[in-house]
Amino acid sequence: IEGDDAIKALVKELLTYDEICFDTETAGIDANDAELVGFSFSAKACNGYFVPCPTDQMRTKEILGHFVDLFNDDKKVWVGQNLKYDLLVLKWHGYELKGKIFDTMLAYYVIEPDGKASMDMMSAKYLGYEPISIEELIGKKGRTQGSMRNVELEKIKEYAVEDADITLQLKNALIPLLKKNEVE
């Protein structure tokens, strides 16, 4: 989603949903100092949106400003994987998500405290689907790993939207397990 008119139309649409998955893409792993490359939303399975953010931080601030009414909607349920990271990124840009929060990583932890809570693993386990690996985009962890800022738009948007979509689907898969194990 690019351009002010398209962003305003997206906000209008997202305001109609009670529950939205939100995910950020950044150029670093430290949420307190990460450059925002873009962010994605999913409000229904197999559907999502990616909003790219330029290197021009003033323009990024303008883009985020369009989402104030959405971010401030305290009736929303915000879904995410390791949502603390995304909340910190938003905080350092001057925004917060109001409303309730559901973190799939935390939900999985209370279901399987000894398990590894990666989204890719949970997707394979609960959805029978293997998402695009971040290593396909920026390489393996280490000093030669690239940056999301250098990934072409077509690839990053597919990756980011898939992350939001899969995370939303995982939430729906984990809810019955939370109830069954009485760990809501």
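For the residues ILE20, ILE138, ILE166, a GNM of the chain with alpha-carbon springs under 10 Å puts the largest fluctuation on ILE138.
In the full protein context, the stretch 57-184 carries 58 Å² of accessible surface per residue, based on a 1.4 Å probe and ignoring ligands, DNA and RNA. With an a/c value of 1.5 or above and a/b not larger than b/c for the gyration tensor axes a ≥ b ≥ c computed over the alpha-carbon atoms, the stretch 76-170 is described as oblate. Mind checking which lysines have their C-alpha under 16 Å from LYS61, skipping anything on the same chain fewer than 8 residues away? Here the lysines satisfying the reach criterion relative to LYS61 are LYS8, LYS91. For the stretch 1-79, the set of trypsin sites (Lys or Arg not before Pro) satisfying both a DSSP loop assignment and a count of at most 15 other C-beta atoms within 10 Å is given as LYS44, LYS75. Only protein atoms count toward the accessible area here, which uses a 1.4 Å probe; on the stretch 86-165, the carbon and sulfur part of that area reaches 51 percent.
Annotation note: GluC sites (Glu not before Pro) in the stretch 118-173 located in DSSP loop regions with a Cβ neighbour count of at most 15 within 10 Å are GLU152. If you take the square roots of the eigenvalues of the alpha-carbon gyration tensor of the chain and sort them as a ≥ b ≥ c, do you get rounded (a/c under 1.5), prolate (a/b over b/c) or oblate? Judged from the Cα gyration tensor, the chain comes out oblate (a/c at least 1.5, b/c at or above a/b). Comparing PHE67, ASN47, LEU106 along the charge dipole axis of the stretch 41-136, the residue lying farthest to the positive side is PHE67, per the Cβ-charge model. Here is the list for the stretch 12-49: chymotrypsin sites (Phe, Trp or Tyr not before Pro) lying in DSSP coil, each with at most 16 other C-beta atoms within 10 angstrom of its C-beta, are TYR17.
Phi angles across the stretch 30-41 convert, under the Karplus curve 6.51 cos²θ - 1.76 cosθ + 1.60 with θ = phi - 60°, into 3J(HN,Hα) values of 8, 4, 7, 8, 8, 6, 6, 8, x, 8, 10, 9 Hz, Gly and Pro given as x. Accessible surface of the stretch 1-53, 1.4 Å probe: 48 percent of it comes from carbon and sulfur atoms. Think of it as helices only: each DSSP H run of n ≥ 4 in the chain is worth -39500 (n - 2.57), and spread over all residues that comes to -12500 deg cm²/dmol at 222 nm.
The values are calculated or read from the model by the stated rules, or taken from the named source; none is laboratory data. Values in this document were obtained by computation on a predicted structure and should not be read as measured data. Don't worry about glycine lacking a Cβ; one is built from the backbone with ideal geometry, like all the others, and counts go over all protein chains shown. We work out accessible area using only protein heavy atoms, side chains counted, and drop any ligands, DNA or RNA first. Shrake-Rupley method; radii C 1.70, N 1.55, O 1.52, S 1.80 Å.
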